[in-house]
Amino acid sequence: MKKFFFLAVLTFFFALQTKTEAAGEKILFVPHDDRPISYHQTVQVVEAAGYEMILPPKELLSNATNMGHPDELWQWLFENAPAANSAVIASDSLLYGGLIPSRKHDVSQEVLNSRLAKFEELKKKNPSLPIYVFDSLMRTPMQGTPGDIEEPEYYQQYGADIFQYTRLLDKKEISKLDKSEENYLSQLEKKIPEEFMNDWMGRRQKNLSATKILMDYTRDEVIDYLILGRDDNAPLCQTHRENREILAYAEKNDLPKTKFQSMPGIDEFNILLLNRAINDLNDEIPFVSVQYNRGKGGDTVPAFSDEKISDSVNAAIIIAGGFRVPDPSRADFVLLVNTDSSGKTLWGHNEYPDGGEFKPILKPSSSTKYFVELVEKNLSEGYPVGVADINFANGSDNALMKILSEKNLLFKIQAYSGWNTATNSTGFAIGTGMLAKKMSDSSKKKILATRYLDDWAYQANVRSIVGSEIVKNFGNPQLYYQLGDKHSWAENRNTELIRDFAKKNLPQITKNFTVKNPWLRMFECDIIFE
């Protein structure tokens, strides 16, 4: 008996020692740009869990004013890879300069091939380094937006036509077009200038070929795990059309989900793959239980996606190295997903500014009240709870957050996300929630504070208010997308309004902060605590 007790204690000691040592492992991380959510907000989560990050200099990453420096990034990567225990890499940064450059680049096929070949060289020089890569299919926005920096300039005028044209092409290949649809397809083909369509489709074909080479590298174990993202997607469009080709290629090459996945989203993949790297280093498989709001729930197909949110959530858990379990009592983390009962994505903030008065939707629906009860129930049973708030297309559900604040529940949960598209928010909540058990209470609260100020205060309220003020004060709605000489004005106004919002709704946040718009537009913000 004494011998058994001694062995048990010894086993526990070595397991604890291994876990402690693993927490000091170094993870090399190349994001797809320097946006706050892509870069330091994600890094903050991983560092709070006790891991050291090896990060490239920010000046090598793409930002609002430059297209990135892929060749210099490769040089940095080769110099720093030997010191890392794992590497999580955005292929777009190393091939094109970044996510947005991947949609507008003029990289020659010769240069692209030479950069792709460097993945083999990286593995050859670092054979024991696990390499996790996230890649993207080019998106197909439903329309162009004046002042948008993310697409070629011609997309502002012809974006809606290009989307409809590819939607019909996709449908034609899947089923059949009626006579009116055939006529509309023919009209669109004549309307869109050939030079623009050739540019857009030519770049897509080049990127698609590069993705297939990355898939070959995954098959040949040059890359240990590859995710392909479909950002700003729709059930029928060019992105969906190309994804069918990708899935057929994966099947042909026997690429299982344990090696490769293609799914909606992109910005959340960094935190998911960083989780996978950590779980692989520690030989851990976190158990995750998922519960949805009533109504359509997991069958919701949210805006900017082409599949049910339950499929995206299940895939995200697998990507992060976790395992879904039905019983919350067996889970390391319980994810609660806030959806509208109708299965539709709601719109009510962050629409194109027109100078009108913004009025947040504060009256809770019956499903919102039910979701609050779901949060309370899981917390009362002692489960580690995270909330993915995807009721609205971009930003928190104001009615939900108001009740959670009034009931003093906001800082009792482990993770929260409601900052952008549904898959962005669910993925970030999963990635943060999996790591929360490794964090101190103060670290968790700081991360929650950032999300509440960004996702609730800014995205769901202040961004719309200041957007309308821009139109009223300066008469130019395009400033919303390119702040120009109103950049400082917008940052000062955002800071003022979010500080006021925090005093009224988030009294737990006692540290002072300022708000920045580092990408010179209103789309995202950065919360800087003093």
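Selection of the range 77-91 for residues being over 21 Å from Leu137 (Cβ atoms) and buried (at least 18 other Cβ atoms within 10 Å of the Cβ) yields Leu77, Ala81, Ala84, Asn85, Ser86, Ala87. Which residues, counting only those in the range 125-147, are part of a loop (DSSP other than H, G, I, E, B) and open to solvent by 40 Å² or more (accessible area, probe 1.4 Å)? Correct list: Pro127, Ser128, Met142, Gln143, Pro146. Filter the range 395-410 for residues that are of a type outside the set (A, V, I, L, M, F, W, C) and in contact (Cβ under 8 Å) with a residue 60 or more places away in the chain and give the result. Gly395, Ser396, Asp397, Asn398, Lys402, Ser405 - these are the residues of the range 395-410 that are of a type outside the set (A, V, I, L, M, F, W, C) and in contact (Cβ under 8 Å) with a residue 60 or more places away in the chain. Just a yes or no: is a residue in the range 444-451 open to solvent by 20 Å² or more (accessible area, probe 1.4 Å), free of Cβ contacts under 8 Å to residues at least 40 places away in the same chain and over 16 Å from the mean Cα position of the chain (by Cα)? No, the conditions are met nowhere in the range 444-451.
For the range 162-177, the condition holds for at least one residue, the condition being that it is aromatic (Phe, Trp, Tyr) and open to solvent by less than 50 Å² (accessible area, probe 1.4 Å).
Only residues that are touching a helix residue (DSSP H, G or I) at 6+ places or on another chain (Cβ under 7 Å), assigned to a helix (DSSP H, G or I) and surrounded by fewer than 21 Cβ atoms within 10 Å (Cβ to Cβ) were counted in the range 300-315, giving 1. Scoring Ile318 on the criteria (1) closer than 30 Å to Thr145 by Cβ; (2) in contact with a Ser or Thr (Cβ under 9 Å, 6 or more places away or on another chain); (3) among the aliphatic types (A, V, I, L, M); (4) outside any loop (DSSP other than H, G, I, E, B) leaves a single failure, condition (1).
Looking at the structure I just gave you, is Ser440 open to solvent by 10 Å² or more (accessible area, probe 1.4 Å) and within 22 Å of Lys412 (Cα to Cα)? When the stated conditions are applied, Ser440 passes them.
Within the range 223-232, the presence of a residue that is farther than 20 Å from Pro130 by Cβ, of a type in the set (Ser, Thr, Tyr), in contact with a helix residue (DSSP H, G or I) (Cβ under 9 Å, 6 or more places away or on another chain) and surrounded by 20 or more Cβ atoms within 10 Å (Cβ to Cβ) is excluded.
The values are calculated or read from the model by the stated rules, or taken from the named source; none is laboratory data. These figures come from a predicted structure and were not determined experimentally. Note that each Cβ is placed from the backbone with ideal geometry, even for glycine, and that neighbours are counted across all protein chains shown. Just the protein is used for accessible areas: all its heavy atoms, side chains included, with ligands, DNA and RNA removed. Shrake-Rupley method; radii C 1.70, N 1.55, O 1.52, S 1.80 Å.
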